[in-house]
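Okay, so here's the structure we're looking at.
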Amino acid sequence: MTSGREKEKLKETARILGLKNYIANLGMEIVYNQGERVINNFGTEVADRAALKKWIHDTGAVDSLLEKFSGKLRPYAPWAEILRTHYLFIGELNYRELYSWVDSHFPGLRIIDNGAVPAEKDFRSPHAYHLLPINVGKKSAVQIDKKERSLKRENLIGIGDSPEDVSIADDEHRR
């Protein structure tokens, strides 16, 4: 199971589903045996989750995004404050433009469109966007997990509802 939720929030769901192992926090935490062992997949050399969030902030990307897309993008409360590893925004804008802007101004980062979210007073058709290190995500976490547990591609199944979920599939197996 993979999810954008942090490992602590996903633990009970995994337990109810009878799962001991899961990938949490958009692939940043690979959890084994209900948390006895955790591999951090932060994509950069930082000590912990707080250091990762600080590293992202110190790039200047957060302030630059909010300035560049003022009125079209803002922190997604209350989750923006709760997340301990990265930044979450809500907005109504062209994703290709947003992605290209982040890619050209902050090459060590990427922004993920997490899909449509309920309308709010300042956005009628908003999406949620995660700002992460460029090489972090569900796909890299699944690759690490496959190696850790010697899993074969033909023994895996993926079901999801976001572009990040689709990224897990090998290119030749996407439908």
> Is it fair to say Arg84 is within 21 Å of Val117 (Cβ to Cβ) and within 15 Å of the chain's Cα centre (by Cα)?
Replying inline: yes
> If you take the residues in segment 1-39 that are acidic (Asp, Glu) and surrounded by fewer than 19 Cβ atoms within 10 Å (Cβ to Cβ), which one is nearest to Ile111 (Cα to Cα)?
Replying inline: Glu6
>> So if I check each of Tyr99, Tyr129, which one is among the hydroxyl-bearing types (Ser, Thr, Tyr) and part of a strand (DSSP E or B)?
In response: Tyr129
> All but one of (1) assigned to a loop (DSSP other than H, G, I, E, B); (2) in contact (Cβ under 8 Å) with a residue 60 or more places away in the chain hold for Asp161; which doesn't?
Replying inline: (2)
> What number of residues within segment 87-126 are among the hydroxyl-bearing types (Ser, Thr, Tyr) and closer than 20 Å to Glu6 by Cα?
Replying inline: 1
> Can you tell me which residue in segment 95-109 is farthest from Ile56 (Cα to Cα), limited to those that are surrounded by fewer than 18 Cβ atoms within 10 Å (Cβ to Cβ) and in contact (Cβ under 8 Å) with a residue 40 or more places away in the chain?
Replying inline: His105
> If a residue has to be buried (at least 16 other Cβ atoms within 10 Å of the Cβ), within 13 Å of Leu109 (Cβ to Cβ) and modelled with pLDDT of 95 or more to count, how many in segment 60-86 make the cut?
Replying inline: 3
> Just checking, which of Glu120, Glu97, Glu81, Glu92 is charged (D, E, K, R) and within 30 Å of Ile39 (Cα to Cα)?
Replying inline: Glu81
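Listed here are the residues, each with its yes/no results for (1) touching a Pro at 6+ places or on another chain (Cβ under 8 Å); (2) surrounded by 15 or more Cβ atoms within 10 Å (Cβ to Cβ); (3) closer than 20 Å to Gly27 by Cα.
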{"site": "Leu88", "(1), (2), (3)": "yes, yes, yes"}
{"site": "Ile111", "(1), (2), (3)": "no, yes, yes"}
{"site": "Val142", "(1), (2), (3)": "no, yes, yes"}
{"site": "Lys147", "(1), (2), (3)": "no, no, yes"}
> Which number in (1) more than 22 Å from Ala24 (Cβ to Cβ); (2) within 17 Å of the chain's Cα centre (by Cα) marks the one condition that Glu97 misses?
Replying inline: (2)
> helices (runs of 4 or more DSSP H) wholly in segment 1-94 with at least 2 residues that are touching a residue at least 60 places away in the same chain (Cβ under 8 Å) - which ones?
Replying inline: 49-58, 61-68
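The values are calculated or read from the model by the stated rules, or taken from the named source; none is laboratory data. This is a predicted model, so every value here is computed, not measured. No Cβ is skipped: glycine too gets one built from the backbone with ideal geometry, and neighbour counts run over all protein chains shown.
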